[in-house]
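Report on the structure given below.
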Amino acid sequence: MSREAWVVVVLAAILALATLVGAVVLAVRVVRTRRLLTGLGAGGKVAFYGALIYTIFPVDVLPDPIYLDDMGVLAAALIYLTRLVQKRRAAGGQLAGRPGGEPDRDRVGRRVP
């Protein structure tokens, strides 16, 4: 193989790895929202489980080495679930995943307004 061909192969492998990492990160974020599902109704459950099934299911719009469609579905589900949570909080409703009266906290544990 020529040097140019090796460069193309290495760049393609790096791109495939980067999209795989992105898809895994989005999947982990979607799974972390699972504890809030009981307070989000049927739409939240459909978005959550639908995104996970699409990501795991072997038949995709794009072939599996290209994870852009999986990342798009996971990102859309995450955006939808985030909006549902914000609407529920704005309406003053408690989410089932949060103990009553416990303030929201960020990753470090600081209270979020």
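Any read-out appearing in this document is the output of simple, stated calculations on the displayed coordinates, not a laboratory observation. This structure is a prediction, so every number in the text was calculated from the model and none was measured. Here Cβ is always computed from backbone atoms with ideal geometry, including for glycine, and neighbour counts include all displayed protein chains.
Of note:
- Here Thr82 and Leu11 are evaluated by their C-beta separation; at R0 = 41 Å the FRET efficiency comes out at 0.75.
- Summed side-chain charge close to Val46 - residues other than Val46 whose Cβ falls under 15 Å, Lys, Arg +1, Asp, Glu -1: +3
- At an R0 of 30 angstrom, the distance between the Cβ atoms of Val46 and Ser2 translates into a FRET efficiency of 0.05.
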